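A.B. asks: If you scroll down you'll find the structure; I have some questions about it.
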Amino acid sequence: MEAKDRVNVLLVDDQPGKLLSYQVMLAELDENLVPVSSASEALAYLLKSEVAVILVDVCMPELDGFELAKMIREHPRFQKTAIIFISAIHMTEADYLRGYEAGAVDYLSVPVVPELLRAKVRVFAELFRKTRALHELNHDLERRVSERTQALEAFSADLRRSEQDRSLALAAGNMGSWAYEAHTGKWFWDEGQSHIFGVPHQSFSPSMARVRQAVHPEDFAGFRDAILSLTPQKGTAEAEIRIVRPGGEIRWCAVAVVASFDEAGKALRFSGVTTDITERKQAELRQTLLAREVDHRAKNALAVVQAIVRLARRDSIADYARAIEGRITALAQTHELLSQARWEGADMLRLVLEELAPYHGGAQSRVTAIGPSVMVSPETAQAVAMALHELATNAAKYGSLSSPSGRVDISWSYAEGVLSLTWVESGGPPVSPPKATGFGTKIINSFNGDKRGRVSFNWRPQGLDFSMAIHCKAKEGDEASPRPMPPAVPAPLPAPAANSNGRGPARILLVEDEMLVGVFMHELLSSIGYRPTQPMTRLGDALAAARREKFDCAVLDMNLNGEAVYPLAELLRAQQVPFVFLTGYSPDGVETRFCDVPVLQKPVMQETLEGTLESLLRPAAPLRRSAERTLSA
C-alpha cells in the first residue's frame, strides 16, 4: 500500500508490552500504527493528525478510557471516529452501556484474538479511507465552485476547531489553550488562558504586543526562539515561562506548542496548551530552602561543638573528655526539644527539668524547679541550657549537690520580653569565689550587656546565689518591648599585645548571634593578636557600634536571628572598612553586590580566619604573637 493511502491507527495503552503486541497483530494491515502511552499524548496527537481508528485501554492511571473517549467525542472532528475499547477485566452490562455512551463502537476483551482485532480495525480503516476520499472529492468540488466560499468555510472550521481545542485543554486540568494564525495575526484564547494571565475573558483582546508584555522579560526571548525553531520535521516544542499578571503576581507556566505548515514549509498556525505549574515550582523552592536551612543548622551546630571543644580546659584528658561529653549531651537534649517543636522554640519548664533530671533521684528531692511553661527562642534555649549545665556541673563538683544534704532551688518568670531565672544553693560545703574564670563562667557572663541582659554571682559561704535576666523574643501576642535593666559591667578584655611598629592590635567588630560561637570567636581573635568587640547579636547594636567607632576590620555573621547583615555591610563598605562574612549557608547565597567579600563557612578554622584577616588588613596587619597562634586545649 502506498504511503498516501495509509491511515493512522492510534494505539493508547500505558503498558509497553501490550502496545507492542497490538503492533505485531496489526502489522500485516500495512497501516500507520501510532502507539502512545497516555491520554495526554493521545490528545496531543489528535490535535495535529487525522485518525481512522482508536484502540483505547479502559484502565489507565491518568485518564481512563471512558473519560478519554468522552473528551474525544466532544471535538467535532472526531465525532465519527471509530473508538474500540480493550479491557483486561470483566465488564458488566453497566460498563458496556457506559462505554457506548462515551462513544465506543466496539469492545474487545483480553486476551485479544489477533484475527478478530485485525478484522475490526480493517473494516473501520476502509470505511475511514472511503470517507476521506469522498471528503477530498467534495472539497475539490467546493474549491472549484467558489474559492472565497471555501476560504470562509475553512476559517469557520478553524474557529470551531480552536474552540474545541480549548475545551479539551480545560477538561484536562488547570490549563488554558490558545491558537495563533500566522497569515492574519489573529489570536484565539479560551477562558482558562485568560484566567492564567489574570485578564477578563470577555473584554480582553489578545495580541502579540500584549502577550510579550505579559511574559516575563527574562523568559520571552527563549520562548520566542523555541517557537521560531519549529519546522515541518519538528513541529512541537515545550517551554517553562513566567507570566506577570496585571497586578504584578507571577505565575509559572508550562507551554506546549504545535505548529502547522503548508506544502512549502511555511508556518500557518500555532496551537498551544498552557498549564499553570506555580504550585509545583513553589514546592520545589520550599524543598530547596529546607535543604539550605538544614545545612545551615548543621554547620551552626558543628560551630557550637567546635567552640565547646576548643574552649574547654581541664588538667587531665579524663576530665576534659567528661566536660566535653556533658556539654554536648546538654546541647543534644536542647536540640531534641527544639526538633519536637519544629525549631519554633523550647519549653522552659522541660528545659530545666531535663537538664537537672540526674539530680532528682533519691528518697528526698534535692532540686526544686518552679516556673511557667513558656516557649523561648532556639537561640535563648541553647544558651540557657548550657548555662544550667555549667551551674549544675559546678554544684555537683564543689557546691550543694556534692553533699547528700545539699539542695538547689530554681525559679523563673517571664514578663515584658525578659526571662528572669534564679539559682540558689544551700546545705552544701562552704564555698568561696573561684580564683580563675572558667569556660562555664565565660558562657554565663556572655549574657551581660545593655541589650542582652545581666547576670549576678553571689558566692555566699552557705552556697551560690545566682540570678540571670535576659531579653528574649516574645511569643506572638506578648509584649515585645524589653523591660529596663541596670547596665551590666562587661568583663575586662585581655591586654592587647603591642606590635613591633608601636601600633596597637587591629580593632575588630565581631557580629555573631550564636552565644557559644561568639565566645569562641572572641577568644580566637584575641589569641591571634586582634582586639575584638564583645560578640554583638543584634543588627541594630552592630550598626550603632559601627557609627560610633572606626574599626579596622569586621567579622560578620550573615544571619542575625533572621535578619540579613547586609545593611551593616553597606555601612562598612561606605566607611572603607574591610570585612568578612561568616555563615552556615552555602557561599553562593551571598548577594552578587558583595561577590568580592571573603566568605568563611562555619565551623571556621583558626588558620583560615587568620589568613583571611591578614589579607584584608595587609600591609597594616598586626604582627601575631607566636605563643598565641593556637588556642590551648
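Quick note: the coordinates plus some simple rules give every number you see, no bench work behind them. Since the model is a prediction, treat every value here as computed from it, not as a measurement. FYI the Cβ positions are ideal-geometry reconstructions off the backbone, even for glycines, and counts take in every protein chain you see.
A.B. asks: Students often get this wrong, so check it: of Lys186/Lys234; Lys18/Lys130; Lys80/Lys186; Lys186/Lys266; Lys18/Lys48; Lys80/Lys234, which have C-alpha atoms separated by over 20 Å?
C.D. replies: Listed pairs above 20 Å: Lys186/Lys234; Lys18/Lys130; Lys80/Lys186; Lys18/Lys48; Lys80/Lys234.
A.B. asks: While we're on this one: Just rank Val110, Val211, fewest to most, by other beta-carbon atoms within 10 angstrom.
C.D. replies: By the 10 Å Cβ count, ascending, the order reads Val110, Val211.
A.B. asks: Can I ask one more? When you have a sec, figure out the Kirkwood radius of the range 54-114 from all distinct Cα pair distances and drop it here in Å to one decimal?
C.D. replies: Averaging 1/r across every pair of different Cα atoms and inverting gives 11.7 Å.
A.B. asks: Sketch the reach of a paramagnetic label on Asn32 as a point 7 Å from Cα along Cα-to-Cβ, and name the residues of the range 46-82 whose backbone nitrogen lies under 14 Å away.
C.D. replies: Label zone hits: 46-53.
A.B. asks: Each label point is 7 Å from the Cα along the Cα-to-Cβ direction; what then is the distance between the points at Tyr96 and Thr608, in nm?
C.D. replies: Taking the two extended label points, one gets 7.5 nm.
A.B. asks: Rounded, prolate or oblate: which fits the range 170-276, taking a ≥ b ≥ c as square roots of the Cα gyration tensor eigenvalues, rounded meaning a/c under 1.5, else prolate when a/b beats b/c?
C.D. replies: prolate
A.B. asks: Quickly work out the Asn138-to-Thr278 label distance, labels modelled 7 Å from Cα along the C-beta direction, and quote it in nm with one decimal.
C.D. replies: 4.6
A.B. asks: I would also like to ask the following. Hey, with R₀ at 41 Å, roughly what FRET efficiency would Arg618 and Ile227 work out to, going by the Cβ-Cβ distance, to 0.05?
C.D. replies: Taking R0 as 41 Å, the efficiency between Arg618 and Ile227 is 0.15.
A.B. asks: Okay, next question. If we count other beta carbons within 10 Å of each Cβ, what is the order of Asp465, Asp30, Asp106, fewest first?
C.D. replies: Asp30, Asp465, Asp106
A.B. asks: Between Tyr566 and Ser413, take the C-beta separation as r, use R0 = 45 Å, and let me know the FRET efficiency to the nearest 0.05.
C.D. replies: Once rounded, the FRET efficiency stands at 0.75.
A.B. asks: OK, next. Can you pull the one-decimal nm distance between simple spin-label points at Glu191 and Glu238, each 7 Å off the Cα toward Cβ?
C.D. replies: My value for the distance between the label points is 2.8 nm.
A.B. asks: If you don't mind, there's one more thing I want to ask. Quick check: residue separation of Asp262 and Glu67 times 0.36 nm, minus the Cα distance between them. What number comes out in nm?
C.D. replies: Taking Asp262 through Glu67 to full extension adds about 66.9 nm, to one decimal.
A.B. asks: Taking neighbour Cβ counts within 10 Å as the exposure measure, how do Val565, Val7, Val273 sort from fewest upward?
C.D. replies: Ascending Cβ contact count within 10 Å gives the list Val7, Val565, Val273.
A.B. asks: Are there GluC sites (Glu not before Pro) in the range 1-108 that DSSP marks as loop and that have at most 16 other Cβ atoms within 10 Å, and which are they?
C.D. replies: Within the range 1-108, the qualifying GluC sites (Glu not before Pro) (loop, at most 16 other Cβ atoms within 10 Å) are Glu2, Glu50, Glu62, Glu74.
A.B. asks: Do any trypsin sites (Lys or Arg not before Pro) in the range 534-609 lie in a DSSP loop with no more than 13 other beta carbon atoms within 10 Å, and if so, which?
C.D. replies: Passing sites in the range 534-609 are Lys550.
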